[in-house]
Amino acid sequence: MVVWLPRLQAPADPLVEQASEAVEAPPLTPAQAALDRAISRIGGTFDGHVGIAVRDLAARRTLHFNGLEQFPQQSVSKLWVALTALDEVDAGRLDLGEMVRIRPGDLTVFHQPIRDIVRRDGSFSADYAELVERAITQSDNTANDRILRRVGGPAAVQDFLDTHGLSSIRFGTDERSKQSAIAGLEWRQDYAQGPAFFEARDEVSPAVRRSAFEAYLADPLDGAPPVAVVGALAKLHRGELLSPGSTSLLLGTLARTRSGPQRLKAGAPEDWTVRHKTGTGQFYDGEQSGYNDIGLITSPAGRTYAIAVMIARTREPTPVRMEMMQEVVRAVVRYDEALPAVAPDAG
């Protein structure tokens, strides 16, 4: 449960780094031991399969519950698309001011506020800066997939992750392909209109739906270990993934996230800063898949923690899921309050 992740030179993967260092982990401090117990209690008493990871960026200590397993990300993966796009900006291959027109053929599935504009006006024009804003803060699937196409598709995002020592994080594929596969369907563009996707999904036989749902959860194509996710957030925070300007832009965007206000964010005191990205998967036969929130929370004193709470599957109602996530944040706040006053660290 306890993982010591010191800063190494260009680690190949957070899991490799964790495995090689765990045997030499120093003893937990009393505050760390209390947080470790809290994480274990929260994860162990939740009725569902959950992974939790918390990284104290100053202490460079990561604690986790089921944190090495692959959990479905769902829209958490939009963070990796945004990172890849901003890496393209840093390399001079993309200008965020570049304009793009979204047409009916670009629409996707599920949450996509852009669709209402396209329905009304026939198309929607925006620059890539606005699409990044919409993809992160509103979790707009169409905005995300249009950025994904511009940066080179799923392979380009996975290459970004692999290049930055995050290869245990699987990007997966675009929203249309992913959500169709989980539902036991093959994508058709007319599914992007109105209730067509839901109607088609309802026509899929229970055996096919169950098989597709279970196959996704058994080996999620967009899987990520919570330990790797908090490792990525730590790298982002300390400026190892992007230029200073792009790092600041993305952290600011994450602070404006509108989705999931009752998940991690609701557990933090008002004077804490929360920068986060949610993910929500499909619901089938009473079970929710891929219900997540990951992010960076910062105390008024400037001490920052990376948190990932990822639920693979559960039958618990939404308020119970949200309360569990809030309790993780409250445990981190209690841990922070037990620490001596020290200068913040970007580690």
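Per residue, the Cα convex hull of segment 77-217 amounts to 101 Å³. The distance linking segment 113-140 with segment 286-305 is 25 Å (Cα centroid to Cα centroid, whole angstrom).
A straight Cα-to-Cα reach below 24 Å connects LYS265 with the lysines LYS78, LYS235, LYS277, residues fewer than 8 places away in its own chain not being considered.
Note the angle between two axes, namely the Cα long axis of helix 318-337 and the longest principal axis of the Cα atoms of the chain, as a number of degrees from 0 to 90, rounded to the nearest 10. Tilt of helix 318-337: around 30 degrees.
In a reduced charge model with +1 at each Lys and Arg Cβ and -1 at each Asp and Glu Cβ, the chain shows a dipole moment near 400 debye about its Cα centre.
Could you run the Debye sum over the Cα atoms of the chain, one equal point scatterer each and no solvent, and tell me log10 of I(q)/I(0) at q = 0.08, 0.13, 0.15 Å⁻¹, two decimals? Taken in order of the listed q values, log10 I(q)/I(0) reads -0.36, -0.98, -1.30. Principal-axis analysis of the Cα atoms of the chain puts helix 141-151 at an angle of about 80° to the longest axis. Calculated FRET efficiency, ARG188 to ARG210, Cβ-Cβ distance, R0 = 30 Å: about 0.85 to the nearest 0.05. Sorting 223-235, 309-321 by average packing, meaning the other beta carbons within 10 Å per residue, from highest down gives 223-235, 309-321. For segment 149-292, the normalised intensity computed at q = 0.10, 0.11, 0.14 Å⁻¹ comes to -0.45, -0.55, -0.86 (log10 of I(q)/I(0), Debye sum over alpha carbons, equal scatterers, no solvent).
A short reminder: the numbers here are calculations on the coordinates, not readings from a lab. Given the structure is predicted, the values throughout are model-derived calculations rather than measurements. A quick note on method: Cβ atoms are made from the backbone with ideal geometry, for glycine too, and the neighbour counts reach across all protein chains shown.
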